[in-house]
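*Asks:* Below: one structure in structure tokens.
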Amino acid sequence: MTEQVSKSIASLEYCTAGKQDWKDIVALQQKIYPKHGWSSAYVDWEYGKNPAGDPRIWIARSQERELVASYAAVPFRVLMKGREGIGWRMEHLLTHPDYRALGSFHTFAKLSQEFLREIPSGYGFAFPNARSYPGFKAIGWKTVKQIPLFELSGAALKNQKTKETFWSRSIERFETSVHDVWKTYAENFDYALDRTAKYLNWRYFECPHVSYDVQELNDGSEKAFFVLKTYQNSEGKRWAHLCDFFHNSSHAQICQQVLDDSVLYAIQHGCEGLSLWSFADSGLGAVLENRGFSLQPDLNRCFVVFGPTEEKNGIYQEPNRWGMMMGDSDVF
């Protein structure tokens, strides 16, 4: 068996995928992650209906023409010091179990970096976990910042003093005015993913396999938008997660109100805990510890970037200039 697999590895064919390959990518995804909800509808949503355009997907086929590995770069409209560009999120490194630890990541990394070097204005970005982060670092990706995970659970959640009603209201669609709120928030950063209504509706209302609860907190001229969902953690327990958050307020009170509503949401949905990834400069970082949230360092994420046209500007040494957040990732 070893000789047969090794022979197939030696003759792997790497190429750029077309739409005709998507069904094979879905089959590989379902084989590796049978409980993650991969489907043709999901791939068509992410790859075929993305408002920023078509992805670049690399695949590897065996000598028998079986698709055994794939890797994707998905485009997003980004802001770069007042300019518009395209950021490419690297995601979904998939390798057939019989072909692991045999160099597919490094081959895909080379292909993707060659692609990123050719783009006129933009960069590649990713949110690796602790297991995959060393691989990105080894091939030249730059670390911008760590994204800490905070959790509130058990008695710390149940004993929270909250209102009986929400500050916010649930919405079923983003209106175009949401972009004005986002632009005010993004003034704090030089680099960020552009949150238009079209993008946000695609991200949170049109995704076929995840159900999100989108909330708007409106206090006259000051507004906040945040996104919640429930999920099962590794122990099979029901948790809530704060996926995304931005606002146009200069007051810390709005962050307190968002946390109030997130806690109330978790309690009303019978959740054992509430989790969120948060930069210290998101506005939430300053109030999390006072609310009893605990840091989970083993589950931190990193935000990494590959963009040779920007590297000379030293932006990797100035993490506070980046407004990217875990809502920009493919996690949750």
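*Asks:* For segment 2-26, enumerate the residues that are assigned to a helix (DSSP H, G or I), in contact with a strand residue (DSSP E or B) (Cβ under 9 Å, 6 or more places away or on another chain) and at pLDDT 95 or above.
*Replies:* Once the filter is applied, which keeps residues that are assigned to a helix (DSSP H, G or I), in contact with a strand residue (DSSP E or B) (Cβ under 9 Å, 6 or more places away or on another chain) and at pLDDT 95 or above, segment 2-26 yields Asp21, Trp22, Asp24, Ile25.
*Asks:* Six or more apart or on different chains, Cβ under 6 Å: which pairs go from a residue in segment 201-216 that's in contact (Cβ under 8 Å) with a residue 24 or more places away in the chain and not assigned by TED's automatic domain parsing to the domain that holds Ser40 to one that's buried (at least 18 other Cβ atoms within 10 Å of the Cβ) and aromatic (Phe, Trp, Tyr)? Could you list them?
*Replies:* Sorted first by the residue in segment 201-216, then by its partner, the pairs are Asn201/Phe174; Tyr212/Tyr204; Val214/Tyr204; Gln215/Phe226; Glu216/Phe225.
*Asks:* State whether one or more residues within segment 279-291 are modelled with pLDDT of 85 or more and under 21 Å from Arg195 (Cβ atoms).
*Replies:* Scanning segment 279-291, I find no residue that is modelled with pLDDT of 85 or more and under 21 Å from Arg195 (Cβ atoms), so the answer is no.
*Asks:* Here is a list of conditions, (1) surrounded by fewer than 20 Cβ atoms within 10 Å (Cβ to Cβ); (2) not in a helix (DSSP H, G or I), and Gln30 meets all of them except one; can you say which number that is?
*Replies:* (2)
*Asks:* Contact list please: Cβ distance under 7 Å, first residue in segment 284-304 and on the phi > 0 side of the Ramachandran plot, second residue surrounded by 13 or more Cβ atoms within 10 Å (Cβ to Cβ), pairs at least six apart or on different chains.
*Replies:* From residues that are on the phi > 0 side of the Ramachandran plot, the pairs are Gly292/Leu152; Gly292/Ala156.
*Asks:* Further, regarding this structure: Out of the residues in segment 155-175 that are over 16 Å from Phe226 (Cα atoms) and surrounded by fewer than 11 Cβ atoms within 10 Å (Cβ to Cβ), state the one that is modelled with the lowest pLDDT.
*Replies:* So, considering only residues that are over 16 Å from Phe226 (Cα atoms) and surrounded by fewer than 11 Cβ atoms within 10 Å (Cβ to Cβ), the one modelled with the lowest pLDDT is Lys161.
*Asks:* The conditions are (1) modelled with pLDDT of 95 or more; (2) over 27 Å from Ala186 (Cβ atoms), and Ala73 fails exactly one of them. Which is it?
*Replies:* (2)
The values are calculated or read from the model by the stated rules, or taken from the named source; none is laboratory data. This structure is a prediction, so every number in the text was calculated from the model and none was measured. With ideal geometry, Cβ positions are generated from the backbone for all residues, glycine too; neighbour counts draw on all protein chains shown.
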